[in-house]
């Protein structure tokens, strides 16, 4: 059952073009909210993460994306980017392991560079069409941020970081997240880029305190499997 938690949460995926566009909206239009949200990576687990998640009673909401939906997402994101005056360079995902970029985020977040890391991954993926599941790409991103590139790139080999990633996936399960971007505040949920403004208005009406929430140390288009069955500017 979804849990009540007063901290507003943003479930994002470095795979999803809709998470990318939501990140742009959040960063450009509502920068005051960036540090008030708990950022939780949502990613498709590999066999090891799936096993560890199951041991804690959780599952991840897999759903195969049809070819028709794949084509729709490409067309839809094309419209959305054109309306915003930006271009997208579609990546090609070959046997992706999503722990690589998302667990790299957890390491960057520990160093207080989580937001810069997310922005850099989105630039690499949708601006340059690079494979962010390639450890060399993540290492280069880390070095560009002044971090230990190998530590970020090899984060999935660190049992402690992997366990932290599984805790994030357990949050995905317990909060009833079925696609990204996904916003949660208390029992109230908003799914998709199309609901972002409604989420912002919800926080405004709830008079979110001015004190910031610490960045968590604890989410596209490899358009195959997706974590949603519908569409509201949301994707897996």
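Mind sorting 132, 138 by how few other Cβ atoms lie within 10 Å of their own Cβ, fewest first?
If I rank by nearby Cβ atoms, fewest first, I get 132, 138.
In which sequence would 28, 185 go, from the one with the fewest C-beta neighbours within 10 Å to the one with the most?
Lowest to highest Cβ neighbour count: 28, 185.
In the chain, if every C-alpha pair distance is counted and binned at 5 Å from zero, what percent goes to each bin?
For the chain, the binned pair fractions read 1, 7, 15, 20, 21, 18, 12, 5, 1, 0 percent.
Could you check what % of the DSSP bridge pairs in the chain are antiparallel, to the nearest 5?
70 percent
Take the alpha carbon atoms of region 151-180, find their center, do the same for region 1-69, and report the distance between the two centers in whole angstrom.
That distance is 10 Å.
Give me the number: length gained by fully extending residue 188 to residue 64, i.e. 0.36 nm times residue separation minus the C-alpha to C-alpha distance, one decimal in nm.
Result for the pair: 42.0 nm of gain on full extension.
Going by how many other Cβ atoms sit within 10 Å of their own, how do 171, 154, 197 line up, fewest first?
197, 154, 171
Laboratory data are not the source of any read-out in this text; all were calculated from the coordinates shown. The structure presented is a predicted model; accordingly, all values stated were derived computationally and were not measured. Note that we place each Cβ from the backbone using ideal geometry, even for glycine, and neighbour counts take in every protein chain shown.
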